[in-house]
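What follows is a single structure, written as structure tokens, with notes after it.
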Amino acid sequence: MVSQATRRQVASLGGLALLLGVAALVFSPEAVLSSLAGLSSRPWLFVGVIWLLFLARPFLMWPISVLSVTTGYVLGVEYGIPVAVAGTLASNTIVFLFARYARSEDGLVGFASRSSDRFVELTGELRGVIAARLAPLPADVVSSASGLSEVSLRSYLLGTLLGETPWIAAEVIAGSSMHTLSVHGLSHSLSLFVGATALSAILLARPVYQYVRESSPESAH
């Protein structure tokens, strides 16, 4: 039997998803970001506008990569990477804080919170966040899971900074190399994909091995 908490949470999440979906349809990233390309001669104005978009992004359901690409296209690599890193950190933290506020012990949210706690207990706070950020997972999924867990804000910020920077750098470099801005078809190089995924697996290998070893029947004897 479905609990009242689960029904309430499903209804709330469904309503939120509907509102965000409408916002994503109304505010197309292609139209908005293409107009920003003309601000290359006014970089400080661009930085202000792109920062507002980083902060609004979670509510518009835009992929964060399109903002990094646009930042690289307008500002180039030297200035684009620090601006995109700071904007990404702020944007992801909004999702983290929202999930932290929504944390519960009941219903589906309670199940997700307990699952996130088990992952953090297995890997450790900082290692877990870095590994999740390096893995090819949607940024908002990692932010939400971190917020639902008991990860401290400090570990979350540092782990996000370390784990997201390689992806952000690749997106900014891709944007700076474009002759015409395009927010579609962005693909990371195979070497970055494989390297980041492998590093994520390496970070998780030891805690997973210890968990399997301690859970094995032989360890009980």
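The table below lists the values:
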quantity	calculated
Cα convex hull volume per residue for the stretch 28-215 (Å³)	118
Karplus 3J(HN,Hα) series, Hz, for the stretch 80-88 with 6.51 cos²θ - 1.76 cosθ + 1.60 (x for Gly, Pro)	x, 5, x, 5, 5, 5, 5, x, 5
Inter-site label distance for residue 77 and residue 122 at 7 Å from Cα along Cβ, in nm	3.7
Extended-chain gain in nm, criterion 0.36 nm per residue less alpha-carbon gap, residue 56 and residue 202	49.1 nm
Difference of contour (0.36 nm per residue) and Cα-Cα distance, residue 158 to residue 135	6.7 nm
Residue 191-residue 104 FRET efficiency (beta carbon distance; Förster radius 30 Å; 0.05 resolution)	0.15
J(HN,Hα) series, the stretch 65-75, from Karplus relation 6.51 cos²θ - 1.76 cosθ + 1.60, nearest Hz, glycine and proline x	4, 5, 6, 5, 4, 5, 4, x, 5, 8, 9
Per-residue ³J(HN,Hα) for the stretch 40-47, Karplus 6.51 cos²θ - 1.76 cosθ + 1.60, θ = phi - 60°, Hz, x for Gly and Pro	4, 7, 10, x, 5, 5, 4, 4
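Bear in mind these aren't lab numbers, they're just calculated from the coordinates by the rules spelled out. The structure displayed is predicted, hence computed values, not measured ones. Quick reminder, even Gly has a Cβ in these numbers, built from the backbone with ideal geometry, and neighbours come from all protein chains shown.
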